[in-house]
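The values are calculated or read from the model by the stated rules, or taken from the named source; none is laboratory data. Since the model is a prediction, treat every value here as computed from it, not as a measurement. Every residue, glycine among them, receives a Cβ derived from its backbone with ideal geometry; neighbour counts consider all protein chains shown.
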Amino acid sequence: MGARGMQDWIFEYFFHVSSLTILAGMLFLVLGMLLWPASNRWKDAGLALVIYIAIVALGMSSNIKHISPVGMAHALIACAIAWLAIRHYGNRVSYLFLVPCFFMVVVIVFNLSSEGRGLELMGRWIQVSVAQA
């Protein structure tokens with residue numbers, strides 16, 4: 001599959017793949033925190049859920065899809081939150097905080113490399129024609 005074929009595949013299937021992966025990552029993260037030998041399992045699981053939702057919410061910023069400075073700040077803040085959460089928990093399960101960050105990077109790289117179309121995290125696809133620009 002060439003570069004153009006990969007871009008077409010990402011354009012067509014990104015929303016479904018990312019939604020399922022982010023949901024699975026959230027479930028595995030919460031379950032992993034509950035099963036990880038720690039003193040405050042419920043507190044850690046609840047806090048991990050809130051942190052994960054915050055990262056996903058930052059990643060769903062409409063500014064990211066337009067490659068604006070505010071969007072790049074949202075992506076950097078989300079990645080920083082994920083990194084701090086990984087350092088705070090210090091277990092292997094906490095690396096699941098990076099799942100939404102990965103998909104933010106995919107959106108940014110896709111939008112930088114594709115001319116005439118943008119990739120949105122909410123699953124609506126936009127087609128920008130040269131005539132409108």
Only unsatisfied item for Lys43, checking (1) charged (D, E, K, R); (2) modelled with pLDDT under 85; (3) surrounded by fewer than 17 Cβ atoms within 10 Å (Cβ to Cβ), is (2)
Result of the Cβ filter at 8 Å on the stretch 91-112, keeping first residues that are on the phi < 0 side of the Ramachandran plot and partners that are among the acidic types (Asp, Glu) and surrounded by fewer than 19 Cβ atoms within 10 Å (Cβ to Cβ), at least 6 apart or interchain, is Val107/Glu120
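Out of the residues in the stretch 83-102 that are in contact with a Ser or Thr (Cβ under 9 Å, 6 or more places away or on another chain) and crowded, with 21+ Cβ neighbours inside 10 Å, state the one that is farthest from Ser19 (Cα to Cα). Steps first, answer last, please.
So in the stretch 83-102, the residues in contact with a Ser or Thr (Cβ under 9 Å, 6 or more places away or on another chain) come out as 85-88, 99-100, 102.
Among the residues that remain, those that are also crowded, with 21+ Cβ neighbours inside 10 Å are: 85, 99-100.
Working: Ala85: 21, Val99: 11, Pro100: 10 Å.
Within the stretch 83-102, the match that is farthest from Ser19 (Cα to Cα) is Ala85.
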By residue number, the members of the stretch 57-80 that are under 14 Å from Ile22 (Cβ atoms) and surrounded by fewer than 20 Cβ atoms within 10 Å (Cβ to Cβ) are Ala57, Met60
